[in-house]
Amino acid sequence: MAEVVTTSLNENQTRAECAVIALEHVSREYTGRGASVRALDDATFSIVAGEWVAITGPSGSGKSTLVNMLGCLDRPTAGTLKIDGADLAAMSPTELDRFRADKIGFIFQQFHLIPYLSALENVMLAQYFHSMTDEKEARASLERVGMGHRAQHLPSELSGGEQQRVCIARALINNPPILLADEPTGNLDQANQKIVANLLKDLHQTGHTIVMVTHDPEMAALAQRKIALSHGKVFCHPIGGPVVSLRR
Amino acid sequence: MKLTLGSIIRRSLIHRRSRSLSALTAMTVSAGVATALLTLYASLDTKLHKEFRSFGANIVVTAPANTPNLAEQVKKAAGPEALTAPFAYAVATTDRGTPVVVAGVDFPAVRAIDSTWQADAWPTAPNAALVGQKAANFIADERTLALTFAGQKQTFASAGHLRTGGDEDSRIYISQADFAGWTHASPTVVEVQIPGGAPQVEAALGRLRAQLPGLEVEPVRQLVEGESRIVDKTHALMFGAVLLIALTVGVSVLATLSASVLERRRDFALMKALGGTQLQMMALFLLETVLLASAGVATGWLLGSAAAWAISETNFHTATLPRPQVLPLVLLLNLAIAAMAALLPARALSTLEPASLLKGE
């Protein structure tokens, strides 16, 4: 694990200097059959290291488009998107794959565990595509989310909440600076929602930057800041408390 | 414990066992049929020529009467692989006064060349005769078979009847020694059987004509040309069958592989989201395909070899042994089928959009 240092955003540091994600006039337009749709329109905002941001908005508001770009799965058609200081537009597809493996940890609503791999192997899969597998580290990651005792179980043998915890362990294994959670509690019952919410709180406290898409107001309330989307337009809520965590 | 490409593929194949099994079955069928046909194809010439040899001679040499050492000359010119059988002919009269053609032959040589001749028993003792079944009607007493040639009466004992369905049925065959002692005539016809196909026969014809200029050397046209046509047609038929089967299996494998990619789009999308490169995705999919193709070839080669053996045994009454040299060809064919069938699914992989797939759209 990389060292995580909690510090304050002081007067000498601008938001831009601490930004781990920075969008400047970013738009994403889809064209097809002679028509074009602007799914994201002139978005400008930044997320600083250690911040927990909730992205909210109704269906079709551009949440998925924004998340795809923040997850390096898509690129803007206009504007500049920088993640950890790197401009995504300048990267080749292979560089983008590498960058994604290094910088982003995905937590999905539907967990997306490979059905024929055990919980441990699912975590190791992220290591495999990142660099090299290390069973000890993978086990430690599962222990961290309270799933060490279920390491050898297949996804079909796990409950929804357990699968989501494995998904979180997988997202954490390569120690990425950004966790991108897309409706992380959308498929869970109340008890498991609470477990996952607590896990995310812990991760935030230890300095992780969390970008979370959610429809759930309770989950959104856990974030320091909300970014609301409507018809592709971004509305940033004011920056919350002064304390943020910086990961070095 | 290490997670490797091999272990991911192994788990994936076992997990989707019915899909894997159907792809493996298609590949096995393809390899099996290709092995059987190629194995038979490789030994087809030998087997068909052997079958055609049972129809008799493919060259006939005719010489004027009293040509010295005719049989030896022909044998020398025809080559060591050729079989030869000299025939000497005379017209004698039976005890009923009916003229009949009597032939002096070398019985072991005739049996070797004319293997379709059916005799009750072949003469082995001196003064024994093989009587054609039609010729038997011209004889009053076969036990003391009295024949007269140029006023010389000679008595033979019938060893058995001959049935060929041809002119031979109207003749009487005796040994060359008995014939020479009785008629003082030497062979005027030599039947030659050249092993191999039309090219070998043509070559032997050239040699015989060159070395024996005073003799009439003629091929048995119907046999040589018929053999050539049948061998060519059989080759074409087998080629066509291999292509047709390859095409059918290719379509079946394409359907299986496409379905395999389609049902795992989310797995591949996830791998891509986790940082898997296009190359790694392709490697995973193509290696899986190659593994299935190779396993199909191994199983198919064994089954195909067994099928070739059974077909050969049933149709040609000789075993065709497994041919390891067919294996690279079958492997190449199956890999080509798998590669072509994998092209479309591989293209689908390259256009995967992880974001929408993982979102469940």
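One table, with the values for the structure above:
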quantity	calculated
Difference of contour (0.36 nm per residue) and Cα-Cα distance, B:His15 to B:Val101	22.9 nm
Residue-normalised accessible area of segment A:185-239, expressed per residue, 1.4 Å probe, Å²	50
Spatial separation of Cα centroids for segment B:139-168 and segment A:115-166, in angstrom	97
Residue-averaged 222 nm ellipticity for chain A, from DSSP H runs of 4+ at -39500 (n - 2.57), nearest 500	-9500 deg cm²/dmol
Inter-site label distance for B:Leu329 and B:Ile230 at 7 Å from Cα along Cβ, in nm	2.2
Mean Cβ neighbour count within 10 Å, used as a protection proxy, ranking B:105-113, A:107-115 highest first	A:107-115, B:105-113
Percent accessible area from carbon and sulfur atoms, the protein assembly as shown, protein chains only, probe 1.4 Å	58
Accessible surface, 1.4 Å probe, highest first, among residues B:Arg96, B:Arg19	B:Arg96, B:Arg19
Surface/4 of the Cα convex hull for segment B:59-219, nm²	9.1
Nearest-0.05 FRET efficiency for B:Asn66 and B:Lys153, computed from C-beta distance (R0 25 Å)	0.60
Order by protection proxy (mean Cβ within 10 Å, highest first), peptides B:184-194, A:76-86, B:115-125	B:184-194, A:76-86, B:115-125
For B:Glu263, solvent-accessible area (1.4 Å; no DNA, RNA or ligand), Å²	90
Hull-based mean projected area of the protein assembly as shown, where the convex hull spans the alpha carbons, in square nanometres	41.7
P(r) histogram, all alpha-carbon pairs of chain A included - 5 Å bins from 0, percent	1, 6, 14, 18, 19, 17, 13, 8, 3, 1, 0
Residues in segment A:130-150 occluded by at least 30 Å² - accessible area, probe radius 1.4 Å, against chain by itself	A:Thr133, A:Glu135
At least 40 Å² of accessible area lost relative to the chain alone, listed for segment B:8-41 with a 1.4 Å probe	B:Ile8, B:Arg11, B:His15
Accessible area that becomes buried as B packs against A, both chains, 1.4 Å probe, Å², nearest 100	2800
Cα-based reach from B:Lys75 at 28 Å (exclusive), listing lysines while leaving out same-chain residues under 8 positions away	B:Lys47, B:Lys50
Cβ-derived FRET efficiency at R0 25 Å, A:Ser159 paired with A:Asp202, nearest 0.05	0.80
Value at 222 nm in deg cm²/dmol, rounded to 500, when DSSP H runs of n ≥ 4 in chain B each add -39,500 (n - 2.57)	-19500 deg cm²/dmol
From the C-alpha gyration tensor of chain B, square roots of 5λ in Å	71, 19, 14
Heavy-atom surface of chain B, accessible at 1.4 Å and reported per residue (Å²)	48
1.4 Å probe, heavy atoms, protein only - residues of segment B:257-292 losing at least 40 Å² accessible area vs chain alone	B:Asp267, B:Leu270, B:Met271, B:Ala273, B:Leu274, B:Gly275, B:Gln280
Value in Å of the Kirkwood radius, where segment A:107-158 supplies the Cα pairs that are averaged	11.1
Relative contact order of segment B:59-219, defined on C-alpha pairs under 8 angstrom at six or more residues apart (%)	38
Förster radius 25 Å - calculated FRET efficiency between B:Ala185 and B:Asp141, Cβ distance, rounded to 0.05	0.50
Alpha carbon centroid spacing (whole Å) that separates segment B:69-85 from segment A:21-79	93
Relative contact order for chain A, counting Cα pairs under 8 Å that sit 6 or more residues apart, in percent	31
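The values are calculated or read from the model by the stated rules, or taken from the named source; none is laboratory data. Quick caveat: nothing in here was measured; it's all calculated off a predicted structure. Positions of Cβ are generated from backbone atoms using ideal geometry, with glycine treated the same way; all protein chains shown enter the neighbour counts. Areas reflect the complete protein model, heavy atoms only, side chains present, ligands, DNA and RNA absent. Shrake-Rupley method; radii C 1.70, N 1.55, O 1.52, S 1.80 Å.
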